Amino acid sequence: MKEARVQLKVPLAPRPGMQGSEENLIQDAEKDRLNPEKKRGTPLQIAKVQIVMGSKQETAHAKRGGLSTEELKQEATEHINIPLIELDAFRKVKRRRMRAFGHRHRWGRHPGRWQPAVAVSALLVLAICIPVILVWPRAGEQVKSTPASTGVNAGTGLQSPNPVPAVPVSYPEPKVRVYLSATGTTLELPLETYVTGVVAAEMPAEFELEALKAQAIAARTFIVRRLAANDTSGVPSGTADVTDTISHQVFIPPDQVKADWTRLGKAKEWEKLQQAVRKSRDAVMTYQGRAITASFFSTSNGYTENAEDVWGNVVPYLKSVASPWDKQLAPGFEETITMKRSEILQKMNLDAIPVSADKNGSWIKVLSTTKGHRIKEMQIAGETFSGPEVRKRLGLRSSQFNWRTTGDEVQITTYGYGHGVGMSQWGANGMAQEGHTATEILKHYYTGISFGQASKMLASKQGK
């Protein structure tokens, strides 16, 4: 807005001493007129010049009219020339205008010092705002979210391709060929159906659900290992993968199990068995990417065995661990049988007891024990045998036993039931009663194992 200019007519009376400087004022005015480049005087000086010049003209005119000096002064006072004075900065008006338009000095006495800082700040604000304005969604547009960068380039500033959602891959269910020893025929059925028949034959249905699930995973792992290796050892015909006996895993056809259990009023047990297999579906135990030898047995003596103490081969995941639950739960934890000395010698393929051993009464003695507190080696009638060998020949429930001789009879007391390697079934039930899951049970009895997918491991074999 342009400034308003105020024009006032102010009568200026001559002051004492003004006449003495009239000549100088006129000369200065003439210089200013001749030198326009020179800075103009103040409005008051201009007014003085105009007054002096007017007075000179009046004096000269009066002299031409024959007037005296006093008369000229009086006439000059009455008819003084009133010049036009422009006041550019009339203070009161300017203050009102400043208040009306909000003009204030914001930058102190030296505004020039702040100008570079203001300019830099303005540039920074523009640099931030312009990109935001460019990418700001227009009316009616939807805001598209950008997924966070993942992968090896995350955090490096390089753009990575958007990750493709993983699509679950399904594999065909493997088939199992079972040799039925009762009929000499081979039955082919899906893997999960086979596992159902094994769990029904190998573990009491009254056991806890988590124990049944652990048994299902162990049974599935056992057969998957054989299928992956094309192992048909121990099968009479050679056209099946496994038998239905204790040589591999005891198996009962599920249709037969369902009919028998329904007739016996065990429909709930049948449903729980199916639930255990369904909830553990396709899961197997692995070690270094391969299915393990998932051996199991009925009852421990309080500990499991190292594989090398029973089978002679070191297996890293079949190590001796404590199993204290068996003694509290298993009804056949301790058992005593009586045998004749002649019967023992016959079963051990011994002719007779040496006289020296018979006189000392130590014809049976233990030489060493295993980490699982079972008999590792013992001597009978002067001959040395392993604990598992004696158990097998004499038909004992466990290789941990003691004896007492009375005349011609020997009373043998065993502790636990089974070879002792791998998972104890009664121990698994005890852990399940304490609230342990199937995964925790299996990781306790099989050292350092992981879990895999049976159908995936056998996909290449099934496709051939």
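Could you say whether any residue in region 245-265 is in contact (Cβ under 8 Å) with a residue 12 or more places away in the chain, of a type in the set (Val, Ile, Thr) and buried (at least 23 other Cβ atoms within 10 Å of the Cβ)? There is no residue in region 245-265 that is in contact (Cβ under 8 Å) with a residue 12 or more places away in the chain, of a type in the set (Val, Ile, Thr) and buried (at least 23 other Cβ atoms within 10 Å of the Cβ). The listed residues are Arg393, Arg374, and the only one of them that is under 60 Å from the mean Cα position of the chain (by Cα) and crowded, with 18+ Cβ neighbours inside 10 Å turns out to be Arg374.
Scanning region 309-325 for any residue that is in the same structural domain as Gln249 (by TED's automatic domain parsing), in contact with a strand residue (DSSP E or B) (Cβ under 8 Å, 6 or more places away or on another chain) and within 27 Å of Gln433 (Cα to Cα) turns up nothing.
The number of residues in region 307-332 being closer than 18 Å to Lys392 by Cα and either at pLDDT 95 or above or outside any loop (DSSP other than H, G, I, E, B) (or both) comes to 5. Checked against the criterion of being of a type in the set (Lys, Arg) and under 25 Å from Gly418 (Cβ atoms), the candidates Lys268, Lys272 yield just one match: Lys272.
In region 336-345, is there at least one residue being among the hydroxyl-bearing types (Ser, Thr, Tyr), exposed (fewer than 15 other Cβ atoms within 10 Å of the Cβ), assigned by TED's automatic domain parsing to the domain that holds Glu409 and in contact with an Asp or Glu (Cβ under 7 Å, 6 or more places away or on another chain)? Taking every residue of region 336-345 in turn, at least one turns out to be among the hydroxyl-bearing types (Ser, Thr, Tyr), exposed (fewer than 15 other Cβ atoms within 10 Å of the Cβ), assigned by TED's automatic domain parsing to the domain that holds Glu409 and in contact with an Asp or Glu (Cβ under 7 Å, 6 or more places away or on another chain). Do we have Ala428 as touching a Pro at 6+ places or on another chain (Cβ under 8 Å), surrounded by 14 or more Cβ atoms within 10 Å (Cβ to Cβ) and not basic (Lys, Arg) here? Considered against the rule, which asks whether it is touching a Pro at 6+ places or on another chain (Cβ under 8 Å), surrounded by 14 or more Cβ atoms within 10 Å (Cβ to Cβ) and not basic (Lys, Arg), Ala428 comes out as no. Of all residues in region 166-181, those satisfying the criterion of being assigned to a loop (DSSP other than H, G, I, E, B) and either aromatic (Phe, Trp, Tyr) or modelled with pLDDT under 80 (or both) are Ala166, Val167, Pro168, Val169, Ser170, Tyr171. Screening Thr193 against (1) part of a loop (DSSP other than H, G, I, E, B); (2) modelled with pLDDT of 70 or more; (3) surrounded by 13 or more Cβ atoms within 10 Å (Cβ to Cβ) leaves a single unmet condition, (1). Within region 273-289, if we keep just the residues that are within 19 Å of Lys175 (Cα to Cα) and charged (D, E, K, R), the residue that is surrounded by the fewest Cβ atoms within 10 Å (Cβ to Cβ) turns out to be Arg278. Which members of region 296-308 meet the condition of being in contact with a Ser or Thr (Cβ under 7 Å, 6 or more places away or on another chain) and surrounded by fewer than 24 Cβ atoms within 10 Å (Cβ to Cβ)? Listed by number, the residues that qualify are Phe297, Gly302, Tyr303, Asn306. Taking residues in region 172-196 that are under 20 Å from Ala216 (Cβ atoms), and partners anywhere that are acidic (Asp, Glu) and surrounded by fewer than 14 Cβ atoms within 10 Å (Cβ to Cβ), the pairs with Cβ atoms closer than 8 Å and at least 6 places apart or on different chains are Lys175/Glu188; Val176/Glu188; Arg177/Glu188; Val178/Glu188.
Criterion first (assigned to a loop (DSSP other than H, G, I, E, B) and touching a residue at least 60 places away in the same chain (Cβ under 8 Å)) does Ala276 satisfy it? Against the criterion (assigned to a loop (DSSP other than H, G, I, E, B) and touching a residue at least 60 places away in the same chain (Cβ under 8 Å)), Ala276 does not qualify.
Can you tell me which residue within region 233-260, out of those that are out of contact with any strand residue (DSSP E or B) (no Cβ under 8 Å at 6 or more places or on another chain) and assigned to a loop (DSSP other than H, G, I, E, B), is modelled with the lowest pLDDT? Taking the candidates together, the pick is Gly238.
The values are calculated or read from the model by the stated rules, or taken from the named source; none is laboratory data. Owing to the predicted nature of the structure, the values given are computational and were not obtained by experimental measurement. Note that we place each Cβ from the backbone using ideal geometry, even for glycine, and neighbour counts take in every protein chain shown.
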